[in-house]
Amino acid sequence: MKQSLLFVPTLKDAPSDAEVKSHKLMTRAGLIKQVAAGIYSYLPLGYRVIKKIEKIIREELDKIGASELLLPALQPRDLWDESGRWDKYGPELMRLKDRKDRDFCLGPTHEEVITQVVRDYLNSYKKLPLALYQIQTKFRDEMRPRFGLMRGREFIMKDAYTFTETEADLDTWYQKFSDAYTAIFKRCGLKTRIVSSDVGQIGGDEADEFMVMSEVGEDLITYCTDCDYAANQDHSKLNDGDDCPVCGGTITTAQGIEVGNIFKLGTKYSESMNAKVINEDGQHIPVIMGCYGIGISRTLMASVEQHATDKGLLWPDEITPFHIHILPINVNNETHMTLANTLYTSLKEKGIEVLIDDRKERAGSKFKDSDLMGIPYRIVVGKDAKNGQVEFTNRYESETSLKTIEDILDFF
RNA sequence: CGGGAAGUAGCUUAGCUUGGUAGAGCGCUUGGUUUGGGACCAAGAGGUCGUAGGUUCAAAUCCUGUCUUCCCGACCA
């Protein structure tokens, strides 16, 4: 991709509204632009990362046998009356009316719709289990949106739902999703911690959250320094210095960003919305449900929070918007441009995502923008081009060395 | 929703106390000089000072309402 054609509005100064590192840098690097409180546009560079995260999620969920569908964001009140949540959800539910004055809402979550989708199909235990997921924009009229993409009123989420006949089958799927999540976040370059959490107003038996440890996280995590025990403080009620309930070790607290959760729903929605199957004994039983969410836009934000430096971003390999950034120092210099274009074409032919900064900018501006954008490998084509050499920087290692085109092509 | 802060050009902001009709830096346009870490010189374009009302001969400035944004809290599958 030629940078002259890519819309990357970088800024020297962060908008005064931005408070946390990720928000400042994502704005400065031209990834996102705020539209209103908690509402953002994803610009090309940011959207490329979003799509990478989505790709990883799709691969890992397809692997465990979940299938993707797409549900409506706009949902009629009737469905929410069936579950009783039209009255219970409160002002966080974005409500609106159509031209006939009929009530609708913009989905903050999709239990009602997914249950409506499957209930007519699910008539026999033989059709179970079933695991469905979608990637979609969610709407929640938060009292206080904050920290850029951390808590938005509109955000991108992957939500999945399982339908099983027995608790044991639910447990199996719960574990599958837990393992898939671990793989997903690892591939996204994030260090996460699994913590037990409250089941909340929703009821159910068990819930876990996937946390990215960060000082801007909204949740307080209690964990044991001696064993694997970890729980959201809302759930454990433990404090710093308390004894670990598992091994008797010492409890420590830290803040975390919740990027994913998995939840054993039970029969709350299948009962209220009449999603029942006939079991082997000929009895009508409500299906047992589980739900599993990943905040995709929040994952993007958490990654920036975890990887960014004061100079700019630095993307993990699997979600970087481009792998290689080629900077020809002087676009009017034929030697520079010929060498840069040769590299660009050859690398692209190898299937590598390459961005070439072909803009008529001065070297300094190109370096600064490149630092901000955080593409992990940088190739500077400049004063050594006449000898057929370029400067190659691996930004993970902060190492720079002179290389020939052949060296570069061998490396990738 | 309670507490606090702030709205002046695309971004950062000065001016407000003490009213006299808006200034800078970055960015943008044109010309020239530059050309390896956000260049320099010159000439330009760009603002109903969030908005509505009030006080006044006169309001970015004072008063009131309102909207928006941010921070803390409460809230949050």
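The values are calculated or read from the model by the stated rules, or taken from the named source; none is laboratory data. Remember, predicted model here, so these are calculated numbers, not experimental data. Note: ideal-geometry Cβ built from the backbone for every residue, glycine included; neighbour counts use all protein chains shown. Just so you know, the surface numbers come from the protein's heavy atoms only, side chains and all, with ligands and any DNA or RNA stripped out. Shrake-Rupley method; radii C 1.70, N 1.55, O 1.52, S 1.80 Å.
Work out the charge dipole of chain A with +1 on the Cβ of Lys and Arg and -1 on the Cβ of Asp and Glu about the Cα centre, then indicate which of A:Gln389, A:Phe163, A:Leu106 is farthest towards its positive end.
Result: A:Gln389, furthest along the dipole toward the positive end.
Enumerate the lysines that A:Lys138 could reach by cross-link, defined here as Cα to Cα under 16 Å, with residues fewer than 8 away along the same chain left out.
A:Lys158
Under 5 Å between amide H atoms, partner at least 5 residues away or on a different chain: which partners does A:Asp219 have, H built in plane at 1.01 Å?
Hits under the 5 Å cutoff: A:Gly256, A:Glu258.
For the stretch A:269-412, what is Rg from Cα atoms divided by 2.2 N^0.38 Å, rounded to two decimals?
Normalised by 2.2 N^0.38 Å, the Cα Rg of the stretch A:269-412 equals 1.68.
Once the Cβ-Cβ distance between A:Asp240 and A:Asp310 is put in as r, and R0 is 30 Å, what FRET efficiency do you end up with, to the nearest 0.05?
Approximately 0.55, to the nearest 0.05.
Report the Cα centroid-to-centroid distance between the stretch A:226-251 and the stretch A:19-36 in angstrom, as an integer.
Result: 35 Å between the Cα centres.
Give the aspartates and glutamates whose C-alpha is closer than 16 Å to that of A:Lys33, dropping any in the same chain fewer than 8 places away, or say none.
Cα-Cα hits under 16 Å: A:Asp13, A:Asp17, A:Glu19, A:Glu154.
Under 18 Å from the 7 Å Cα→Cβ point of A:Lys88, by amide nitrogen: which residues of the stretch A:114-131?
Inside the label zone: A:114-116.
For A:Met213, which sequence-distant residues (separation of 5 or more, or a different chain) have an amide H within less than 5 Å of its own amide H, given hydrogens modelled in the peptide plane?
A:Arg193, A:Ile257
Determine, at each q value in 0.09, 0.10, 0.11, 0.14 (inverse angstroms), the log₁₀ of I(q)/I(0) that the Debye formula gives when each Cα of chain A is one equal point scatterer.
Log-scaled intensity ratios, in q order: -0.65, -0.78, -0.90, -1.23.
How far, in nm, would the chain grow between A:Val35 and A:Glu19 when pulled straight, counting 0.36 nm per residue and subtracting the alpha carbon separation?
Difference between extended and current length: 4.1 nm.
Calculated FRET efficiency, A:Asn387 and A:Tyr47, Cβ-Cβ r, R0 60 Å, to nearest 0.05?
0.95
Compute a Gaussian network model of chain A, connecting alpha carbons closer than 10 Å, and tell me which residue from A:Glu399, A:Glu92, A:Glu142 fluctuates the most.
It is A:Glu399.
Distance in nm between label sites at A:Ile278 and A:Asp101, each 7 Å beyond Cα in the beta-carbon direction?
According to this spin-label approximation, the distance is 4.5 nm.
Taking 25 Å as R0, compute the FRET efficiency from the Cβ-Cβ separation of A:Asp317 and A:Arg146 and round it to 0.05.
Values: r = 30 Å, r/R0 = 1.19.
So the FRET efficiency works out to roughly 0.25.
Determine the share of the stretch A:3-307's accessible area contributed by carbon and sulfur atoms, expressed in whole percent, with a 1.4 angstrom probe. Don't jump to the answer; show the numbers that get you there.
Values: 6570 of 13810 Å².
C and S atoms contribute 48 percent here.
Run the 1.4 Å probe and let me know the accessible area of A:Arg144, rounded to the nearest 10 Å².
So the heavy atoms of A:Arg144 present about 140 Å² to solvent.
May I ask what percent, to the nearest 5, of DSSP beta bridges between residues of the stretch A:324-411 are antiparallel?
For the stretch A:324-411, the DSSP antiparallel bridge percentage is about 55.
Take chain A, connect every pair of alpha-carbon atoms lying under 10 Å apart with a spring to form a Gaussian network, then pick out the residue of A:Ser178, A:Ser22, A:Ser67 with the largest mean-square fluctuation.
Most flexible of the set in this elastic network: A:Ser67.
What trypsin sites (Lys or Arg not before Pro) does the stretch A:291-354 have in DSSP loop regions with at most 10 other beta carbons within 10 Å?
Here the sparse-neighbourhood loop sites are A:Lys350.
How large is ³J(HN,Hα) for each residue in the stretch A:249-257, as worked out from phi by the Karplus curve 6.51 cos²θ - 1.76 cosθ + 1.60 (θ = phi - 60°), to whole Hz, x for Gly and Pro?
Going residue by residue, I get x, 9, 8, 10, 10, 7, 8, x, 9 Hz, with x marking Gly and Pro.
When all protein chains stay in place, what accessible area (Å², nearest 10, 1.4 Å probe) is found for A:Lys368?
For A:Lys368, solvent-accessible area is about 140 Å².
Nearest 10 degrees, 0 to 90: what angle lies between the long axis of helix A:334-349 and the longest principal axis of chain A (Cα atoms)?
That helix lies at roughly 30 degrees to the long axis.
May I ask you to list the trypsin sites (Lys or Arg not before Pro) in the stretch A:237-275 that are in a DSSP loop and have at most 16 other Cβ atoms within 10 Å of their Cβ? All intermediate terms of the calculation are to be shown ahead of the outcome.
Working: sites: A:Lys237, A:Lys264, A:Lys268; in loops: A:Lys237.
Answer in residue order: A:Lys237.
Just to be sure I understand: with springs between alpha-carbon atoms less than 10 Å apart, which residue in A:Ala302, A:Ala363, A:Ala180 has the highest mean-square fluctuation in the Gaussian network model of chain A?
A:Ala363
I'd like to check one number: the per residue accessible area of chain A, probe 1.4 Å, reported in Å² as a whole number.
Accessible surface, normalised per residue, equals 46 Å².
So if I place +1 on the C-beta of Lys and Arg and -1 on the C-beta of Asp and Glu, and nothing else carries charge, what would the dipole magnitude of chain A be about its Cα centre? I want it in debye, nearest 20.
That gives a dipole near 1940 debye.
Hey, could you pull the Cα Rg and Dmax for the stretch A:14-60, both in Å?
Just the Cα atoms of the stretch A:14-60 yield Rg and Dmax of 12.1, 39 Å.
Quick one: work out Rg over Rh on the C-alpha atoms of the stretch A:307-378, Rh as Kirkwood radius.
0.99
When the Kirkwood hydrodynamic radius is evaluated over all pairs of different C-alpha atoms of the stretch A:245-286, what value in angstrom, to one decimal, is obtained? Don't skip to the end; give the middle numbers.
Details: mean 1/r = 0.0681 Å⁻¹.
Here the Kirkwood hydrodynamic radius works out to 14.7 Å.
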